[in-house]
1. Can you put His75, His93 in order, fewest other beta carbons within 10 Å first?
2. Taking the simple approach of a point 7 Å from Cα along Cα-to-Cβ for both Ser72 and Asp35, what is their distance in nm?
3. Based on DSSP H runs of at least 4 residues, each adding -39500 (n - 2.57), what is the mean residue ellipticity at 222 nm of the chain after dividing by all its residues, to the nearest 500 deg cm²/dmol?
4. Given the chain, what whole percent of its Cα pairs are spread farther than 24 Å?
5. Relative to the Cα centre, what is the charge dipole magnitude of the chain, using +1 at the beta carbon of each Lys and Arg, -1 at the beta carbon of each Asp and Glu, and rounding to the nearest 20 debye?
6. Comparing Leu50, Leu100, Leu60, which has the greatest mean-square fluctuation in the GNM of the chain with Cα pairs linked when under 10 Å apart?
7. Give the residues of the stretch 87-102 whose amide nitrogen is closer than 18 Å to a point set 7 Å from the Cα of Asp56 in the direction of its Cβ.
8. The stretch 1-110: which trypsin sites (Lys or Arg not before Pro) are DSSP loop and have at most 10 other beta-carbon atoms within 10 angstrom?
Amino acid sequence: MRAPRLFETLQQSRGDGSYLKAPARLSRVQLLIIDDFLIAAPADWEQRDLLEIVEDRYQLGTTVIASQCPISDWHPNLDDSTLADAICDRLLHNAYRIELRGDSMRARSLAESRRNEEKGAIANDR
């Protein structure tokens with residue numbers, strides 16, 4: 001789930017009275033993937049919700065975080081240093097870190113599509 005959608009869903013659950021059930025559901029999922037983490041600065045309540053989720057899941061289920069923000073920038077991008085400490089500790093302790101470098105797959109795919117279109121145009125010119 002994309003982080004913005006996760007936080008939106010949690011906020012909506014507050015409005016409909018099902019908030020206590022939402023984190024409990026997430027804690028029971030074997031694999032939780034949070035994509036686009038820190039794509040935007042999280043609000044205080046989003047940081048608190050994230051802490052509750054990672055705390056509930058700590059050593060119980062696998063949590064994968066995908067982010068374009070380097071891990072070294074996670075702490076400074078979480079406004080509350082106490083929450084940042086707690087979140088990073090739970091996410092990064094015993095974690096496998098895979099940091100990718102280079103072009104994104106979308107950029108590669110777009111470049112390849114353009115090359116193929118150019119080849120097609122050249123072939124049609126012959």
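1. Arranged by neighbour count, lowest to highest, His75, His93 become His93, His75.
2. 2.7
3. Details: 6 runs with 73 residues, N = 126.
It lands at -18000 deg cm²/dmol.
4. 39
5. So the magnitude is around 620 debye.
6. Result: Leu100 has the largest fluctuation of those listed.
7. The answer is 87-88, 90-91.
8. Loop-located and lightly packed - Arg97, Arg101.
Values quoted throughout were computed directly from the atomic coordinates according to the rules given, and no laboratory measurement underlies them. All values reported here derive from a predicted model rather than from experimental measurement. Don't worry about glycine lacking a Cβ; one is built from the backbone with ideal geometry, like all the others, and counts go over all protein chains shown.
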